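Everything below concerns the one structure shown next.
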Amino acid sequence: MRQVVMHAPGDVRVEQRDKPTIVEPTDAIIRVSAACVCGSDLWPWRGIQEVKKPSPMGHEYVGVVEEVGSAVRDIKPGQFVVGSFFASDNTCEICQAGYQSRCIHAEGIGGLGAQAEYLRIPWADGTLVATPELPPADLIPSLLAASDVLGTGWFGAVAAEAGPGKTVAVVGDGAVGLLGVLAARQLGAERIIAMSRHESRQKLARKFGATDIVTERGDDGVARIKDLTGGYGAHSVIEAVGTQESMMQAIRSTRPGGHVGYVGVSHGVELPGMELFFSGVHLHGGPAPVRRFLPGLIELILQREIDPGQVFDLELPLDDAAAGYQAMDERRAIKTLLKL
């Protein structure tokens, strides 16, 4: 089968690799219908995250089940499925508390490589959610978004306690930040401030429900948020980048007693203890438990109440994956969908 493999920063190739097989009785094999490039895939592409050896890429996927292991009871061959970027049993105490990404049996899909024609899914019954029937082609991008960026943006909004009467600020205008805007709107936020310097992303943010746009960053961005909120800061802030600057911007933009939902993969973030102590701000986040939200998000998509697939502004065949990475790295694309 064809699979995307990263050999070094800036060196992504599509190679012929062995088709995956059932390893554990709880596994399933799916034929991938669509995959995509994630903003987190750009960390190794840029050399910020070390590439130690040729590595299969991709952790976002939708597809049709081809085969299941002997212990799989709920997922059936022929079903169209959406899954999280972390495999989970969905039965342990951590999963039952709604934190499937930290399941005691959690397995990262990224290590298996979803940017491929076929993919092995561990803990298939706990990880995959089947749609009632094969979805129409125009909904595939939105269902694909649910496997990570929509679920992650949604968790960011939930962790920040976005809701009715709240002012929500979103730090980061990538796919996760933009879908954090959509989530905050769906959760009933009164005012949503998107922090973005890019016109195309600002337009999509407004389409998803942003009421205000802030172009400033760092201390200037914090000051602007304070200006827009009567000096108090936002009730809820979604941090969707993962850098020192973005995390501090998020914390400082939040009013005392407010909440930061941080879902950007942290790189080099160190929190100043004394400032955090006196901020009175709640922090909650980490790898999004996408599986918690998948059934509800899939239903919203199938009912056409939300259209998160709009974050895909570039579609390429799998063989052109490297061009998709480059377009996102150069900010010529928000998110690249890879067609199979």
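The values are calculated or read from the model by the stated rules, or taken from the named source; none is laboratory data. In this text the structure is predicted, and so the values were computed from the model without any measurement. Note that each Cβ is placed from the backbone with ideal geometry, even for glycine, and that neighbours are counted across all protein chains shown. Surface accessibility is based on the protein's heavy atoms, side chains included, excluding ligands, DNA and RNA. Shrake-Rupley method; radii C 1.70, N 1.55, O 1.52, S 1.80 Å.
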Of all residues making up region 193-216, the number that are in contact with a helix residue (DSSP H, G or I) (Cβ under 8 Å, 6 or more places away or on another chain) and surrounded by 16 or more Cβ atoms within 10 Å (Cβ to Cβ): 13
Counted residues, region 73-106 - those being under 25 Å from LEU302 (Cα atoms), in contact (Cβ under 8 Å) with a residue 40 or more places away in the chain and open to solvent by 60 Å² or more (accessible area, probe 1.4 Å): 4
From SER70, SER40, residue being of a type outside the set (Asp, Glu), in a loop (DSSP other than H, G, I, E, B) and touching a residue at least 40 places away in the same chain (Cβ under 8 Å): SER70
Scan of region 220-247 for residues that are in contact (Cβ under 8 Å) with a residue 12 or more places away in the chain and assigned to a helix (DSSP H, G or I), ordered by number: GLY221, VAL222, ILE225, LYS226, LEU228, GLN244, GLU245, SER246, MET247
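Results for (1) closer than 20 Å to TYR61 by Cα; (2) among the acidic types (Asp, Glu); (3) open to solvent by 70 Å² or more (accessible area, probe 1.4 Å), shown as yes or no for each residue.
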residue	(1), (2), (3)
VAL269	no, no, no
MET274	no, no, yes
PHE293	yes, no, no
LEU297	yes, no, no
PHE312	yes, no, no
PRO317	yes, no, no
Failed criterion for ALA223 (all others in (1) touching a strand residue (DSSP E or B) at 6+ places or on another chain (Cβ under 7 Å); (2) open to solvent by 40 Å² or more (accessible area, probe 1.4 Å); (3) of a type in the set (Gly, Ala, Ser) hold): (1)
Selected residue (criterion: most open to solvent (accessible area, probe 1.4 Å)) from residues of region 1-37 that are in a loop (DSSP other than H, G, I, E, B) and over 27 Å from LEU128 (Cβ atoms): PRO9
Any hit, region 193-202, residues being among the small types (Gly, Ala, Ser), within 16 Å of PHE293 (Cβ to Cβ) and in a helix (DSSP H, G or I): no
Test: residue in region 45-52 that is touching a residue at least 60 places away in the same chain (Cβ under 8 Å) and in contact with a Phe, Trp or Tyr (Cβ under 8 Å, 6 or more places away or on another chain): yes
